[in-house]
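Everything on this sheet refers to the single structure shown next.
The values are calculated or read from the model by the stated rules, or taken from the named source; none is laboratory data. Here the structure is a predicted model, which is why all the values come from computation and not from measurement. Because the Cβ atoms are built from the backbone with ideal geometry, glycine has one as well, and the counts that use them run over all protein chains shown.
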Amino acid sequence: MRETLKDCYRLQIQDIEIDCFLGVYEHEQARARPIVVEVEMYVSETENRPRRDLLSETVNYEKVVETIERVVGVRRFRLVETLCGELADELAKLEGLRALKVAVTKPQPLPRAKAVRVELWRHP
């Protein structure tokens, strides 16, 4: 494990299904289709600080989902890689993150493929 991730909580938000205009072909851009986003965040857990059970001491999951909805809602994407990068850039702005992994899955991109998945790490 990287030293920067020592003494961290790992928070995961799994299977966020959202409609998105995503694809390089005209038929893919004709209508929004569901994609799946997963976010893994590493947040400091400091032993010297008393646990006060406050939302301000962690990442607000609702803000994470709102950020994803905002990014997906403002434009059309051609590449899964571009979408994943933009999500990571925006989510990395959240307070308190030591590291972040964003994964975007595009179901059934090809007749013989169940899905395409792109994952990206950020260390804000």
- Report the residue count in the stretch 37-73 for those that are closer than 17 Å to Val104 by Cα and of a type in the set (A, V, I, L, M, F, W, C). 8
- Note on the structure: When the stretch 104-124 is checked residue by residue, the ones that are free of Cβ contacts under 8 Å to residues at least 12 places away in the same chain, part of a loop (DSSP other than H, G, I, E, B) and not basic (Lys, Arg) are Pro111
- Query: Given the conditions (1) more than 14 Å from Arg122 (Cα to Cα); (2) in a strand (DSSP E or B), and given that Lys101 satisfies all but one, which numbered condition is not satisfied?
  - Reply: (1)
- Task: Using the structure shown, decide if Val71 is more than 23 Å from Cys8 (Cβ to Cβ), touching an Asp or Glu at 6+ places or on another chain (Cβ under 9 Å) and among the hydrophobic types (A, V, I, L, M, F, W, C).
- Result: yes
- Note on the structure: Counting only helices (runs of 4 or more DSSP H) entirely within the stretch 10-94, those with at least 1 residues that are surrounded by 11 or more Cβ atoms within 10 Å (Cβ to Cβ), at pLDDT below 95 and out of contact with any helix residue (DSSP H, G or I) (no Cβ under 6 Å at 6 or more places or on another chain) are 26-29, 61-74
- Query: Does Pro109 fit the bill of being at pLDDT below 95, farther than 18 Å from Tyr42 by Cα, of a type outside the set (A, V, I, L, M, F, W, C) and surrounded by 13 or more Cβ atoms within 10 Å (Cβ to Cβ)?
  - Reply: yes
